[in-house]
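Only one structure is covered here, and it is reproduced in the block below.
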Amino acid sequence: MDLIKPLENMSLALEMHEASLHLPQAHLAAEMAEETADPAFFYCLIVILLPLLAIPAFIGLGKSDFFLHHGASAWVKANDEIFNLQGRNCDVLVYGDSTAMTGINPAVVSQETGFKTCNIAVTNAVLAVTGNLTLDHYLQQNEKPKMLIVQLSPDDFQQENRVWRHTIYAEGLLELLRHGSPEDSRRVLLTHPHEAVSFAGYAAGFSAYYAIKDMWFRATHLRPEEDQIQVRNGFFTPPSPARTYCDPAAALHDGSREFPRSVADDYINGYSDRSAVVLVDVAPIPSCDANLAAYSSELEGVTSNSLLSLPIGAFNDDRHYTAGGSQIVSTLVARQVNETAFKNPALDNRTQAMSDVASLRFVSLQH
C-alpha cells in the first residue's frame, strides 16, 4: 500500500506535466486560428460595409451643386435653374414636359403677343417623380401670371405613363432630393430602394463620364455639341439633326390605355386661383406617328387645343423639336394667347392695338 500510493502520485504528476507541455501548443494554435480568421472577417466586413457607405455617399453627390455643374445634363440643369427664379412678373407662364422645353420659345411668344412670357417646363421624369413641385415653387416665389399654359405630349395624358418605370426617373429623383422636403425624400428613397441604389450609380457614373470628357476636351480642345446648348428662359433646342422617319409604336388601343380627363382637369381646377386663365394643351406630334388618329380621337374635348401633326422634319426625335419645329409650335401658342386675350379683355393691358400685336406670320404646315 505504501508503495502504490507514491506511484499514483507520480503518475498524476506526470500527467499534469504532460498537460502543461501541451498548453502553450494549444494556445499557439488558437492564436494562429484567430490570426487566420481576422483577414477573412475584415474582408467580409469591408465587402458588406463598402456598398452601404458608398450608396448614401453617391446619393449625396447626386444632389450636390458639384454634380449639377460637373455631371448633370443640359436637361437637368434647365430643370434645376427654375428654382433660382424669384420676383419675376410673367404675363404668360409656360409649363409642361419636354415638348414645351424644346417647342415653346418664350421670345417668339413675347414678340408675337406683347405679353412677357416665361418657360418653366421640365422633363416628364421630373413630372413623374415630383409631380408639380417645380410649378408650385415658382408660383410661391414669383408674381401670379395672367395665363398658365401647360403643354404635354399626348403620351403624358395617360396615367400609366406618369410613373417611374416609363421615365428616366433619376432626373426627377435629383430634383426631389435637391428641392423637395426631407420627409418626402426619405420616404421615396425607402419605398424605392432599387431606384435609390440606381440613382447612386447614376451620380457616380455621370460624374466619371464628365470627368473623362473634360480631360478629353483639355487634350483635344473638341467640345461635344451637347455642351454647347444654350438654355434661354427655360427653352432650348437639342442639337440632333432633323428626323426622317418615325419609330414603330405599339398600338394605342390594347384595352388598358385610357385618357381620363383627370390630368387636364387637375391643372385647370388646381391652378385657377393662381392664374387668371389655365390652358392645357397637347403638343403637336409627327404626321407619321402610327397613333395619330387614336390620340386625336381620345383627346378631343379634353385639351384646350386640338392635336396637330407636323412633318417629321420638324422633329429631331419622336417628341422633341428642331429649331424650325419650335418656331411653328411657338407661333401656334402665340396665336392661342392672342385669341384668349381677345376673349378676356380684363387680361389685356397691352398698349399696342390688338391688330398690331397679333399680326402673326403665316406658318406652313404642309406635310
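Between Asp317 and Asp266, the contour length at 0.36 nm per residue exceeds the alpha carbon distance by 15.5 nm. Whole-percent P(r), region 167-213, all Cα pairs, 10 Å bins from 0: 26, 52, 19, 3. Checked against a 23 Å cut-off, the cross-linked pairs Lys144/Lys343; Lys63/Lys144; Lys63/Lys146; Lys63/Lys116 give Cα-Cα distances beyond that limit for Lys63/Lys144; Lys63/Lys146; Lys63/Lys116.
If I take R0 = 25 Å and measure r between the Cβ atoms of Ala208 and Glu81 in this structure, what FRET efficiency does the formula 1/(1 + (r/R0)^6) give, to the nearest 0.05? Efficiency, from the Cβ-Cβ distance: 0.55. For a Förster distance of 45 Å, can you work out the FRET efficiency between the beta-carbons of Asp136 and Met215, rounded to the nearest 0.05? Once the sixth-power term is evaluated, E becomes 0.65. Put in line by how crowded their Cβ is, counting other Cβ atoms within 10 Å and starting with the fewest, Met215, Met147, Met101 read Met215, Met147, Met101.
No lab work stands behind these numbers, since they all come straight from the coordinates. Remember, predicted model here, so these are calculated numbers, not experimental data. Because the Cβ atoms are built from the backbone with ideal geometry, glycine has one as well, and the counts that use them run over all protein chains shown.
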